[in-house]
Amino acid sequence: MDHDKVVLDGDDMRRTLVRIAHEIVERNDGAGGADLAIVGIHRRGAILARRIHGLLVDLLEHDLPIGDLDIAFYRDDVGRRAEQPTVHASHVDFPIDGLTVVLVDDVLFTGRTVRSAIEALFDYGRPARVQLAVLADRGHRELPIRPDYVGKNLPTSRAERVNVRVEELDDVDEVRIAALTGVTA
C-alpha cells in the first residue's frame, strides 16, 4: 500500500464542505437556522468552519454567529507533553446559551480534542445542543464521541497519520494519509 497518498484533493474538499453545509441545514431547518452557530477548533478546524459558515450564509440567506476555540489548556495531556502547547486566542463573541452549536474540526481520531473543545465551549455558556462536523473521521476512538457530519471516513492504522492541508495555511487544499516514521503497525 502506498503510505503517502492524497485521499481528497481541493475539488473533493470543496464538494465535501458543500455537502456538510447542506446536511447541517437539513438537520437544523426548524427555525431556518436562526438558533445555529458555527465554532471551529484551532487551527484547521477554524478555517474549515469559516468555509462552512460562508456556505451556510448562502444557503440560509442570513448571517449566523461564527467563532473559534483554542483548546491548548483544555487538553488532558497538557502537563505530560514534552513540548509546550501552541496557544491561539479563542473568539466566541456571542452568547451561546440556547443555540445549536456546530463544532468543526479537520480530523476526528481518539475524540480527546473534541472532548476538550466541548469543555472549552461550556465556559462560554450552555448551548441547547452541540453537534460535530469533521472533514475526516479516521476511527480509533478512545472516548464515546461520534460526529454528526462526516466528510469522509478514512480507515487508518495507528501507524498512519492523516494530514489536512488548507490553502490559507499550506498553499494547497488536500487530505493526505502518510506513514508515521519509526512506527510499526
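At-a-glance table
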{"read-out": "Cut-off 11 Å, label 7 Å out along Cα→Cβ of His22, residues of region 103-124 by amide N", "value": "none"}
{"read-out": "Rh by Kirkwood over Cα pairs, then Stokes-Einstein D for region 98-158 at 1.567 mPa s and 4 °C, µm²/s", "value": "108 µm²/s"}
{"read-out": "Mean Cβ count within 10 Å, highest first, over the residues of peptides 97-107, 166-176", "value": "97-107, 166-176"}
{"read-out": "P(r) tail fraction, the chain - alpha-carbon pairs more than 31 Å apart, %", "value": "14 percent"}
{"read-out": "Unit charges at the beta carbon, dipole of the chain: most positive-side option, Gly32, His22, Pro144", "value": "Pro144"}
{"read-out": "Length released on extending from Ala128 to Leu59, taking residue separation times 0.36 nm less the Cα-Cα span", "value": "22.6 nm"}
{"read-out": "Pairwise label distance in nanometres, Leu180 with Asp93, each label 7 Å out on the Cα-Cβ vector", "value": "3.9 nm"}
{"read-out": "Cα centroid separation - region 1-72 against region 122-184, whole Å", "value": "13 Å"}
{"read-out": "Packing-based ranking, highest mean first, of 141-147, 113-119 given that Cβ atoms within 10 Å are counted", "value": "113-119, 141-147"}
{"read-out": "Spin-label model distance (nm) - Glu142 vs Asp35, 7 Å beyond Cα toward Cβ", "value": "3.5 nm"}
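Each reported figure results from applying straightforward, stated rules to the coordinates on display, with no laboratory input. All figures in this text were calculated on a predicted structure; none of them were measured in a lab. FYI the Cβ positions are ideal-geometry reconstructions off the backbone, even for glycines, and counts take in every protein chain you see.
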